[in-house]
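J.: One structure is given below, represented as structure tokens, and several questions about it will come after.
Coordinate-derived values only; no laboratory data. Because the structure is a prediction, the values reported are computed rather than measured. Virtual Cβ from ideal backbone geometry, glycine too; neighbours counted across all protein chains shown.
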């Protein structure tokens with residue numbers, strides 16, 4: 001018998017929710033400094049080579065984005081396949 005039930009109070013189960021990780025101020029400052037250094041280094045490149053550098057960086061970003069999209073599609077496809085397998089397995093049993 002719970003203490004709460006003798007007092008006429010309902011006992012609620014406690015739940016725990018996952019938190020979010022936030023970067024510390026020091027990490028954020030280091031990341032900002034790194035980005036600033038990259039930007040300044042890019043500014044030091046001659047104009048002709050700077051255009052080529054920007055094209056290369058654009059291509060890298062584009063391929064990384066496509067890879068993320070395809071990975072997400074694959075994950076969704078695998079989840080649907082798992083559901084189909086479970087349905088087939090439950091029907092045969």
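J.: Consider residue 62 carefully, then state whether it is loosely packed, with under 10 Cβ neighbours inside 10 Å and out of contact with any helix residue (DSSP H, G or I) (no Cβ under 9 Å at 6 or more places or on another chain).
T.: Details: loosely packed, with under 10 Cβ neighbours inside 10 Å: no; out of contact with any helix residue (DSSP H, G or I) (no Cβ under 9 Å at 6 or more places or on another chain): yes.
Against the criterion (loosely packed, with under 10 Cβ neighbours inside 10 Å and out of contact with any helix residue (DSSP H, G or I) (no Cβ under 9 Å at 6 or more places or on another chain)), residue 62 does not qualify.
J.: Which residue, of 73, 48, is part of a helix (DSSP H, G or I) and surrounded by 10 or more Cβ atoms within 10 Å (Cβ to Cβ)?
T.: Values: 48 fails: surrounded by 10 or more Cβ atoms within 10 Å (Cβ to Cβ).
Going through 73, 48 in turn, the sole match is 73.
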